[in-house]
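To start, the structure itself, in structure tokens.
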Amino acid sequence: MSDLFGTAVLAAFGLVVGSFLNVCIHRLPRRESLAWPASHCPQCNRTLSWYENIPVASWMALQGKCRTCGASIGITYPIIELVTAAVFGAGYWVEGPTVLLAVRLLFACAMIVLFVIDLRHRILPNVITVPGLAAGLAFSFFLPPGWLASILGALLGGGLLFAIAEAYYRLRGVEGLGMGDVKMLAMIGAFLGWQLALVTLVLASFSGSLLGVGLIASGRGRAQSALPFGTFLAVGALIAAFWGDAMLSWYISLYP
């Protein structure tokens, strides 16, 4: 019962955090302040009342439209809030009330923001990846994966993707991966360690390949179509953060 209660509390808190992540997702690509101005309609610029900022409930009550000008409010807003709530609840269920949980949830928030920004704008802001890399290294001196695994994770994650990007450019003459992807995987490695950074890369590559093949098969894409790899890295990193150790143990058990 205590686990269920804690999960519910963290999920509710995740809804609130998800509302803030929506602000980050909207403003960071535009290089706008996260603190000012207050939440407002991007069409008519009216400042939103407190009851228009209740996660999910306000969107449903307003039927996805601004109360003043009737401009559409995208369904991605409540989806991001619900996803954040699910991640917070799942995180508590896996980690329990620990300091590591707080760090993992901070990491998860960064991944959610990077997922959507890369999907929408094909960019991975330095304002998240660079401080995130530093934070991951700093936390590792006190928490898992430990400072050595964290440093190796940052070097291996960033270095491996950089090598792949450089080789692709020299062979094909076009950029296949951006430096944003390199810095993002370095950040992931700093938070999760080198082993889970590799798990993340495998998951991201596999899911990206599946989607790419699906798009080509359906006629919606070509072999040369660019996919936002940071989006796949974010999904892989979220899975690795909470279930990567169990996945590694299962994989190793296949080879007694």
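The values are calculated or read from the model by the stated rules, or taken from the named source; none is laboratory data. Since the model is a prediction, treat every value here as computed from it, not as a measurement. All Cβ positions, glycine included, derive from the backbone under ideal geometry; neighbour counts span all protein chains shown.
So the values come out like this:
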{"item": "Evaluation of Thr129 against (1) in contact with a Lys or Arg (Cβ under 7 Å, 6 or more places away or on another chain); (2) surrounded by fewer than 21 Cβ atoms within 10 Å (Cβ to Cβ); (3) assigned to a helix (DSSP H, G or I) (one fails), failing number", "result": "(2)"}
{"item": "Filtered residues of region 167-193 (kept if at pLDDT 95 or above and either of a type in the set (Phe, Trp, Tyr) or assigned to a loop (DSSP other than H, G, I, E, B) (or both))", "result": "Phe191, Gly193"}
{"item": "Verdict on Thr129 being polar (S, T, N, Q) and either within 22 Å of the chain's Cα centre (by Cα) or within 15 Å of Ala237 (Cβ to Cβ) (or both)", "result": "yes"}
{"item": "Unmet requirement for Met60, which otherwise passes all of (1) surrounded by 14 or more Cβ atoms within 10 Å (Cβ to Cβ); (2) among the aliphatic types (A, V, I, L, M); (3) assigned to a helix (DSSP H, G or I)", "result": "(1)"}
{"item": "Within region 108-126, tally of residues that are part of a helix (DSSP H, G or I), hydrophobic (A, V, I, L, M, F, W, C) and either assigned by TED's automatic domain parsing to the domain that holds Val87 or more than 8 Å from the chain's Cα centre (by Cα) (or both)", "result": "2"}
{"item": "Filter result for the condition that a residue is crowded, with 19+ Cβ neighbours inside 10 Å and over 22 Å from Val99 (Cα atoms), over Ile123, Ile117, Ile188", "result": "Ile117"}
{"item": "Pair list, Cβ under 7 Å, 6 or more apart: region 132-149 residue touching a residue at least 24 places away in the same chain (Cβ under 8 Å) and at negative phi, other residue surrounded by fewer than 17 Cβ atoms within 10 Å (Cβ to Cβ) and not β-branched (Val, Ile, Thr)", "result": "Ser140/Gly146; Ser140/Trp147; Leu143/Leu100; Pro144/Leu100"}
{"item": "Top-ranked residue in region 224-256 [being in a helix (DSSP H, G or I) and hydroxyl-bearing (Ser, Thr, Tyr); ranked as farthest from Ala197 (Cα to Cα)]", "result": "Ser253"}
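Yes or no, residue by residue, for (1) in the same structural domain as Asp245 (by TED's automatic domain parsing); (2) in contact with a Pro (Cβ under 9 Å, 6 or more places away or on another chain); (3) part of a loop (DSSP other than H, G, I, E, B):
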position: Gly6; (1), (2), (3): no, yes, no
position: Val9; (1), (2), (3): no, no, no
position: Leu15; (1), (2), (3): no, yes, no
position: Pro55; (1), (2), (3): no, yes, yes
position: Gly70; (1), (2), (3): no, no, yes
